[in-house]
Ligand code: HEC
Ligand code: HEC
Ligand code: HEC
């Protein structure tokens, strides 16, 4: 007697489970259909599509000394008044810079200009004397995963005296100057001139020119 009750209970429970799972399946199908078709869900799906390609906003350069000025005429630069009679007196940058070699990004490449003899700076105010050129590269290796930095004395001493840098900007001893980009971006060390009177600090590879085993391969 006890046994047959057990059987009945077992049969009832398993039937119940079957029905329940069947119902689950039956309910499951329309639910998935609903999830793709219901207007509610569709609304949710929309924002994912939202970043559809829109016309790119005119890019503002991050480069100080950006030389789009090279190609933009003064009349169209949004700064000068094209109707002003003074416009006739101003030389367009495209004309003024036409003889001066450009770097990779269109910026003036002053080193190329001096090497090609396009410019010949005086060594002194009265034009007398010669620059005290020192041919000595310093390789700076505290650069993490960026390529190492080659500091060429030769390039610098064509324009600058030793005292422009030593001892105020750099102690004249390898390894004595603790530098990093934060300080450089704030206008110390190389940033005393680069980004101000010399090429931009954003042209990383002109300083970080020596790849090493932990740096990415040349990207320039
Ligand atoms: C004018 C030269 C110059 C330019 C341009 C330059 N760097 Fe540097 N960078 C240095 C010098 C010098 C050091 C210090 C090296 C040392 O002390 O051995 C340095 C160090 C670094 C370091 C390691 C120290 C730190 O600050 O974390 C990183 C990373 C770095 N530079 C990234 C960059 C990136 C990225 C750019 C371009 C956005 C850049 N640098 C542009 C000269 C330059
Ligand atoms: C534009 C800046 C600049 C100018 C100009 C400059 N130097 Fe340097 N000099 C440096 C830097 C940067 C270092 C490397 C410092 C470091 O490694 O921390 C250096 C290092 C030196 C060192 C140490 C080398 C070593 O192996 O320890 C000597 C010596 C030196 N310069 C002499 C001169 C002389 C002489 C002149 C002029 C003919 C001159 N420098 C002009 C920036 C300059
Ligand atoms: C006192 C000013 C001054 C300082 C400080 C200075 N530079 Fe320069 N640097 C110049 C000038 C000026 C030029 C030439 C103009 C240009 O190329 O924009 C130049 C050019 C260069 C060039 C191009 C060389 C070539 O032959 O093409 C490199 C590389 C360079 N600097 C690296 C550095 C690094 C690295 C530091 C810091 C360790 C540094 N400079 C510090 C003024 C400076």
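Read-outs throughout are calculated quantities, based only on the coordinates presented, and are distinct from any laboratory measurement. All of these numbers come straight from a predicted model, not from anything done at the bench. A quick note on method: Cβ atoms are made from the backbone with ideal geometry, for glycine too, and the neighbour counts reach across all protein chains shown.
What to note about this one:
Yes/no matrix, rows are residues, columns are (1) near ligand 3 (Cβ under 9 Å from one of its atoms); (2) surrounded by 12 or more Cβ atoms within 10 Å (Cβ to Cβ); (3) assigned to a loop (DSSP other than H, G, I, E, B); (4) touching a residue at least 40 places away in the same chain (Cβ under 8 Å):
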position: 95; (1), (2), (3), (4): no, no, no, no
position: 99; (1), (2), (3), (4): no, no, yes, no
position: 111; (1), (2), (3), (4): yes, yes, no, yes
position: 124; (1), (2), (3), (4): no, no, yes, no
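- Look at segment 144-168: where a residue is over 18 Å from residue 111 (Cβ atoms) and a partner is within 6 Å of ligand 2 (Cβ to nearest atom) and part of a loop (DSSP other than H, G, I, E, B), sitting 6+ places away or on another chain with Cβ atoms under 6 Å, you get 166/172.
- Selection from segment 142-156 of residues that are assigned to a loop (DSSP other than H, G, I, E, B) and surrounded by 10 or more Cβ atoms within 10 Å (Cβ to Cβ): 142, 143, 146, 147
- Residue list for segment 164-186, restricted to those being assigned to a loop (DSSP other than H, G, I, E, B) and more than 14 Å from ligand 2 (Cβ to nearest atom): 186
A quick yes/no check of all residues on (1) in contact with a helix residue (DSSP H, G or I) (Cβ under 8 Å, 6 or more places away or on another chain); (2) surrounded by fewer than 17 Cβ atoms within 10 Å (Cβ to Cβ):
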{"residue": "182", "(1), (2)": "no, yes"}
{"residue": "187", "(1), (2)": "no, yes"}
{"residue": "190", "(1), (2)": "yes, no"}
{"residue": "193", "(1), (2)": "no, no"}
{"residue": "196", "(1), (2)": "no, yes"}
{"residue": "205", "(1), (2)": "no, yes"}
{"residue": "208", "(1), (2)": "no, no"}
{"residue": "212", "(1), (2)": "no, yes"}
{"residue": "217", "(1), (2)": "no, yes"}
